[in-house]
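Undergrad: I am attaching a structure below and will ask some questions about it afterwards.
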Amino acid sequence: MNCVMRTSTLLQRNLTWYWRTNLAVLLGVSTAVGVLGGALLVGDSVRSSLRDLVLARLGNTDFVISRNGFFREELASAFDSSCPIIAISAVVVHEPSGRRASAVEVYGVDERFWKFQAEPGQPPSGQEILLSAALERELGGKADDAILIRVQKPSAIPLESLHGRKQDVGKTIRLTLKWPEAAFREFSLEAQQGDVRAAIVPLTRLQRDLDQKGKANTILVANGAVSLDLIERTLKDRYALEDLGIRLRTLERQHCLSLEADSAQISDALADAASTTAKSLGLRVEPVLTYLANSIRVGGREVPYSVVTALDSPPAPSEPDAITLSQWTALDLRAKPGDAVTLEYYLWKSDGLLHTDSARFRLAQVVPLEGAAADRDLVPQYPGITESKSLHDWDPPFPLDLSRVRPSDEQYWKQYRTTPKAFVPLARGQQLWGTRFGRLTSVRILPPSDAYSNALRMALDPAKMGLTVFATKAQGLAAARGATDFGEYFLYFSFFLMVSALLLTGLFFRLGVEQRMREIGVLRALGFSIPKLRSLFLLEGTALAAAGAILGIGAALVYGDIIMLGLRTWWVAAVGTKSLSLHTSIAPLAVGAAAGMATGLGSTAWTLRSLQPVTPRGLLAGVEKHTSSGRWLLVASLVTVIALALLAAALVRELDQTAGFFGAGTLLLIAAVCFESAWLRARSSAAIRGQITLGVRSATYRPGRSLLSIALIASATFIIVSLDAFRRSEASAGTGGFPLVAESVLPLIHEPNTPAGRDALNIPRLEGVQFVPFRLRPGDDASCLNLYQPRNPRILAPPAAFLRSARFRFQDSVVRTPNPWLLLESETADGVIPAIVDANSMTYSLHLHLGEEFVVDQTRFRIVAALADSLFQGELLISEKSFLRLFPDVEGYRFFLLSVPPARAQEVTGVLEGALADYGFDIQPAEARLAGFHKVENTYLSTFRSLGGLGLVLGTVGLGAVLLRNVLERRRELALLRAVGYRPQHLATMVIAENLLLLLLGLVTGTACALLAIAPAVLLRGGRLPAASLSLLLAGVLVTGIGASLAATAAALRSPLLMALRSE
Amino acid sequence: MLEASSLAKEYPTPRGPLTVLSGISLCLKRGDAVAIMGPSGSGKSTLLYILGALEPPTAGTLTLDGRNPFQFAERELAAFRNQSIGFVFQDHCLLPQCSVLENVLIPTLVTNDHAGYRDRARALLEQVGLSDRLDHRPSELSGGEKQRIALARALIRKPLLLLCDEPTGNLDQTSAAVVASLLLELYQRQETILVVVTHSAELASRFPVRYELRHANLHPAAA
């Protein structure tokens, strides 16, 4: 025989001989590795799945160039591998069934898009429309069914200006459903995990119906190798002024260039650029603002519907209150210099109403209708007005009283057309008629220069003028990193499971060590030092941890797959997509294995600490060194004092109540376990009066084991009870008392609370119904419903009156104030926009905190208040004033809170959705919207609870193992008791008493501490304790524990009495 | 040379200190063998554990080969025990997971000095009559055989002092006789100091020097 006894041989012998205990340790480590690695894998998988979705839906699109308005589709030819499309939001209706879908992405494409995306088959042509699978499911229908799409009619002229056409903001297009020849790739420019609700229509058809022939509003650019910078430079080189809705007219007679805009208004930025460019070329500029006066009145006489121009130069006067009339007008009004002249005019104000205002002037001079005073080109193109042959042919978007129009007025129109009848100083005109869209109608550049056009083009930054390049794929991939780090969440969710596994690892290892105490004693007697012994056991632990880690990698894959399955099925409400799948990668598995192995090893090392204080003789005699109950009492008392201090701080609000109570509860849990430890140690010499006290004494024999069991059960119970308190109830104050909430696809320009607004919108008067219209800048959903990181969140602006109504509950604000809404109106010296967000979105989606500044689209915002659990979880809220300044181009109202008598909510919903169907007006009960958010939160909590419950099961298994070990170790003792007359049921009573003691201590400790921890949540946040389900769960644990006791007793009694006695 | 001088051992109890040993002095040189007898609870094992440096005395000094083990740090003490002292317990205390040969070699794992020990282990096992059971596990052996392995294990490091706590206490008469004979034969062959604690008058009678532990002190035993 060739035997060499080495440490490795002993290690090998130990591993195989104590295989049962070692297997338990190995399984414990592998569970920890599995849970940890699996959780990390889930995070990685969610991110990868979101990335996959972005890549699949964008196809070859790397960059997107888009504009709020339209531009030449030939601009796309400036870029290699690109295609122009029209992307627009719409209401889509399946005509045969009347089924309607709002907020559908409609893409107008042609064969260039098909080629660009390498789609099979042919793009839709003629009147055809293709629906995405999800939209097709939603609408139903079959090939050749009629599909109506309702889109916002493009209007260069701002709707919220006098000449904007507000009456008919939409356009309905009738198409025929085409069944795809082959499955086409779902295309979406939006990074969101939900189903793609999109329709694809022929580009030419959309161009024709929107009156945008040869135009597009989006260019898709492929080729990821090209940088954003290069795309922007190419765009700057190749765009034309008309792509920005700007044109330069040469006015021969006036010997100048006239810079005009399709919107009929020159923005301040454009005016500045025009002026600077002109000056750089040595040219002069003359700003022009022309407006329509309903009347020019002098005394009792008036001239109706007259063009008035504001200039900085003659024929306009220079004094602010002065006016110049043309000779024709002065004659008609019989006005002479010095007379008071009143101008009456319409103003469309931001309250959604048309107002008639007036201004008084002093007639400074009368000028003949010649030269600069006879310039009909001072007026921009107003559809419905400037091209009309007579005043009676005018078709303006505002009320016109044609009865006031006299033959002389018609004669003037026929002869002089849009020639102004009056001139006022530019500053005064701008004060009266300037809007957020601009304060000029044209800019004249004198003298005309061929170089000006290109110089202006070079001077303008297309991005600042609304023609923007987005690195859509890069942004989508960045957003795919997610608002929620699922890896982190599932680490939290799985934390208790992992801790349970590690505690069990430690417990089993401890059992193994305890089982071998005599062996350790022999080894120490033979000269093995404690470090040597410890290293021997650590070596064993390392071998077990390594094997556990290897096994755990497999477990991580299984665990990760199960969680992903859960996210696709049971917990789909939390993620809103079924497109998540497991993505295996080395890193999370390696991290999980390393961390699980390290913690497993740490757990065994901690267990080995208990070896030191016991003498070899004690080990040989089977004696364990126990710490005194005094030390435990000291620790328990200290922790209790800290917990009470936390509690007091929370009660006097020196500390956040939830954090304070939760911290105090956790500390009290630790203190309670320490007290129990002291108690168990003190009970070790308590009198034995019967089988039950004998059982209780057994629990004190190995206090370390008993304590681990109590700690496992108590912390699992703590987690489960506290989690349940955070479940949101259906009813909540988060609706602000508004029963209904609505959104529209097309903006509502008119004020629906006024008779005029209702008339314009064609909605009946509804008794007791009040609208609170919000302005909405579309963007990323910042709520928990969106898995992607919101980079450009939706922004809402409530009206000023709403701010003063102090509705909704706030969680906190930067300044203590009775109405934090008013903080939105505070002016900041640094120009930062005050914003309010929901506390949940702030924390979990935007990852911001109160008072923090953040930047969206180069604008700085600061969170001044956080709403408590509100229906505004998807957006930022800013004041209407800030909104109009930041987003002048975003018009009308698209978000509404509705005050409705609760009994009539359903009826009102039906009436309004029907009347405003063309606007894509969708009403939802406010509580349902809130419940949608709660559902996500509750699903997360359920996930946490499920995994916590699994931890509890592990805890119970651990308790069972401890019990079995205790019973088996006392087999001789039990046999002796039987020999002296104990019956099996007596022994069962003893074992159950021991187990029940540990179980009850764990359950009561965990529940009591958790109830304290969640008290503020229950009392203040409206959380509630689901007593029934909780009791059921805890009772289940109790029953399992008792079952384990009986099984352990049966196992102990199975060995024959004499054999057990003989081994004595 | 083993020298014990005025050894005392007290244990604290709620009712005051319990004196187990008091003023015990002993001087033994290589080749000496002593049997210590006494009733249960008289402190025999305590004395043995003190002599084996497993438990410190409350008072008195102990030196083995001129070295006081209780002045050593834990690591040195362990090494000292490993090199200088061999133990045989009433319960053999064999590692069930190891074979017979491996059990004998267990003390050699403390140092990495394995050279020659394999042959010595085989020789010792041959001397205790178990050369044909090298690969067996303890569970496959009788009580006497296990105790013989324990004896071989105790001698593997050529200790100066061999301490036996009731080495035949768990054995039948025949096995006890065999173990006793081996013990006396091997200690002489190894030239160690042998101290045996036993209840067995038969075993004690085979020792040239016998003490009885009574009233916390050693008294020469009657022949």
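The values are calculated or read from the model by the stated rules, or taken from the named source; none is laboratory data. Please read all numbers here as calculations on a predicted model, not as lab measurements. When we count neighbours, we look across all protein chains shown, and the Cβ atoms used for this are built from the backbone with ideal geometry, even at glycine.
Undergrad: Can you tell me which residue in the range B:89-102 is nearest to the other protein chains (Cβ to nearest Cβ), limited to those that are at pLDDT below 85 and within 20 Å of B:Leu183 (Cα to Cα)?
TA: Only one residue tops the list, namely B:Cys93.
Undergrad: Just checking, which of A:Ser581, A:Ser585 is in contact with an Asp or Glu (Cβ under 6 Å, 6 or more places away or on another chain) and over 30 Å from B:Asn82 (Cα atoms)?
TA: Details: A:Ser581 fails: in contact with an Asp or Glu (Cβ under 6 Å, 6 or more places away or on another chain).
Result: A:Ser585 is the single residue among A:Ser581, A:Ser585 that is in contact with an Asp or Glu (Cβ under 6 Å, 6 or more places away or on another chain) and over 30 Å from B:Asn82 (Cα atoms).
Undergrad: Within the range A:61-69, is even one residue within 12 Å of chain B (Cβ to nearest Cβ) and surrounded by 22 or more Cβ atoms within 10 Å (Cβ to Cβ)? Full working, then the answer.
TA: Looking only at the range A:61-69, we keep the residues that are within 12 Å of chain B (Cβ to nearest Cβ), and these are none.
No, the range A:61-69 contains no residue that is within 12 Å of chain B (Cβ to nearest Cβ) and surrounded by 22 or more Cβ atoms within 10 Å (Cβ to Cβ).
Undergrad: Here's something else I'd like to know. Quick check: anything in the range B:103-123 more than 7 Å from chain A (Cβ to nearest Cβ), over 28 Å from A:Arg20 (Cβ atoms), assigned to a loop (DSSP other than H, G, I, E, B) and of a type in the set (D, E, K, R)?
TA: Checked the range B:103-123: at least one residue is more than 7 Å from chain A (Cβ to nearest Cβ), over 28 Å from A:Arg20 (Cβ atoms), assigned to a loop (DSSP other than H, G, I, E, B) and of a type in the set (D, E, K, R).
Undergrad: Within the range A:680-714, can you find the residues that are modelled with pLDDT under 70 and of a type in the set (A, V, I, L, M, F, W, C)?
TA: A:Ala686, A:Ala687, A:Ile688, A:Leu694
Undergrad: Based on this model, can you work out whether A:Ser813 counts as under 21 Å from the mean Cα position of the chain (by Cα), among the small types (Gly, Ala, Ser) and under 23 Å from A:Gly737 (Cβ atoms)? So that I can check it myself, show each step before the final result.
TA: Numbers: under 21 Å from the mean Cα position of the chain (by Cα): yes; among the small types (Gly, Ala, Ser): yes; under 23 Å from A:Gly737 (Cβ atoms): yes.
Yes: the conditions hold for A:Ser813.
Undergrad: Being in a helix (DSSP H, G or I) and either assigned by TED's automatic domain parsing to the domain that holds A:Ser870 or at pLDDT 85 or above (or both) is the requirement here; does A:Leu823 meet it? Spell out the reasoning first.
TA: On the way: in a helix (DSSP H, G or I): yes; either assigned by TED's automatic domain parsing to the domain that holds A:Ser870 or at pLDDT 85 or above (or both): yes.
In short, yes.
Undergrad: Looking at the range A:851-859, is at least one residue outside any strand (DSSP E or B) and farther than 27 Å from A:Pro747 by Cβ? Spell out the reasoning first.
TA: Initially, the range A:851-859 is screened for residues outside any strand (DSSP E or B), giving A:851-852, A:857-858.
If we keep only those that are farther than 27 Å from A:Pro747 by Cβ too, we end up with A:851-852.
Yes, the range A:851-859 has at least one match.
Undergrad: Also: Output the residue which, of all residues in the range A:70-90 that are aromatic (Phe, Trp, Tyr) and in a strand (DSSP E or B), is surrounded by the fewest Cβ atoms within 10 Å (Cβ to Cβ).
TA: In the first step, residues of the range A:70-90 are kept if they are aromatic (Phe, Trp, Tyr); the result is A:70-71, A:79.
Within this subset, residues satisfying the condition of being in a strand (DSSP E or B) are A:70-71.
On the way: A:Phe70: 23, A:Phe71: 27.
Among residues in the range A:70-90 that are aromatic (Phe, Trp, Tyr) and in a strand (DSSP E or B), the one surrounded by the fewest Cβ atoms within 10 Å (Cβ to Cβ) is A:Phe70.
Undergrad: Does the range B:110-129 contain at least one residue that is among the aromatic types (Phe, Trp, Tyr), modelled with pLDDT under 85 and in contact with a helix residue (DSSP H, G or I) (Cβ under 8 Å, 6 or more places away or on another chain)? Please lay out each step first, then the result.
TA: Within the range B:110-129, the first condition is being among the aromatic types (Phe, Trp, Tyr), and the residues that meet it are B:117.
With the extra rule that they be modelled with pLDDT under 85, the set shrinks to none.
No, the range B:110-129 contains no residue that is among the aromatic types (Phe, Trp, Tyr), modelled with pLDDT under 85 and in contact with a helix residue (DSSP H, G or I) (Cβ under 8 Å, 6 or more places away or on another chain).
Undergrad: Another question about this same structure. Being closer than 15 Å to A:Ser722 by Cα and modelled with pLDDT of 65 or more narrows it down to one residue among A:Thr1049, A:Thr989, A:Thr1007, A:Thr1040; which is it?
TA: On the way: A:Thr1049 fails: closer than 15 Å to A:Ser722 by Cα; A:Thr989 fails: closer than 15 Å to A:Ser722 by Cα; A:Thr1040 fails: closer than 15 Å to A:Ser722 by Cα.
When all the criteria are applied, what remains is A:Thr1007.
Undergrad: Take B:Leu162 and tell me if it is buried (at least 23 other Cβ atoms within 10 Å of the Cβ) and either under 13 Å from the mean Cα position of the chain (by Cα) or in contact (Cβ under 8 Å) with a residue 40 or more places away in the chain (or both).
TA: Numbers: buried (at least 23 other Cβ atoms within 10 Å of the Cβ): yes; either under 13 Å from the mean Cα position of the chain (by Cα) or in contact (Cβ under 8 Å) with a residue 40 or more places away in the chain (or both): yes.
It is true that B:Leu162 is buried (at least 23 other Cβ atoms within 10 Å of the Cβ) and either under 13 Å from the mean Cα position of the chain (by Cα) or in contact (Cβ under 8 Å) with a residue 40 or more places away in the chain (or both).
Undergrad: Now, a different point. Just to be sure I understand the filter: pairs with C-beta atoms under 6 Å, separated by 6 or more residues or on different chains, first member in the range B:79-107 and at positive phi, second member modelled with pLDDT under 85. Which pairs pass?
TA: B:Cys93/A:Val522
Undergrad: Can you tell which of B:Leu109, B:Leu124, B:Leu101 is within 26 Å of B:Arg30 (Cβ to Cβ) and among the aliphatic types (A, V, I, L, M)?
TA: Working: B:Leu109 fails: within 26 Å of B:Arg30 (Cβ to Cβ); B:Leu101 fails: within 26 Å of B:Arg30 (Cβ to Cβ).
Answer to the selection: B:Leu124.
Undergrad: Which is more than 14 Å from every other protein chain (Cβ to nearest Cβ), at pLDDT 75 or above and in a helix (DSSP H, G or I), of A:Leu582, A:Leu667? Quick ask: steps written out before the conclusion?
TA: Details: A:Leu582 fails: in a helix (DSSP H, G or I).
Of A:Leu582, A:Leu667, the one residue that is more than 14 Å from every other protein chain (Cβ to nearest Cβ), at pLDDT 75 or above and in a helix (DSSP H, G or I) is A:Leu667.
Undergrad: Being within 14 Å of chain B (Cβ to nearest Cβ) and within 25 Å of A:Met498 (Cβ to Cβ) is the filter here, so list the residues in the range A:1-50 that pass it.
TA: To start, the set of residues in the range A:1-50 that are within 14 Å of chain B (Cβ to nearest Cβ) comprises A:1-22.
A:Leu15, A:Tyr18, A:Trp19, A:Arg20, A:Thr21, A:Asn22, listed by residue number.
Undergrad: Identify all residues within the range A:753-781 that are of a type in the set (Gly, Ala, Ser) and either under 17 Å from A:Ser879 (Cα atoms) or surrounded by 13 or more Cβ atoms within 10 Å (Cβ to Cβ) (or both); write none if there are none.
TA: Once the filter is applied, which keeps residues that are of a type in the set (Gly, Ala, Ser) and either under 17 Å from A:Ser879 (Cα atoms) or surrounded by 13 or more Cβ atoms within 10 Å (Cβ to Cβ) (or both), the range A:753-781 yields A:Ala756, A:Gly757, A:Ala760, A:Gly779.
Undergrad: Only residues that are facing chain A (nearest Cβ under 9 Å) and in a strand (DSSP E or B): list them for the range B:30-88, please.
TA: Listed by number, the residues that qualify are B:Ile85, B:Gly86, B:Phe87.
Here is a yes/no grid of residues against (1) farther than 23 Å from B:Met1 by Cα; (2) assigned to a strand (DSSP E or B):
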site	(1), (2)
B:Asn170	yes, no
B:Ala177	yes, no
B:Leu186	no, no
B:Arg189	no, no
B:Phe207	no, no
B:Arg210	no, yes
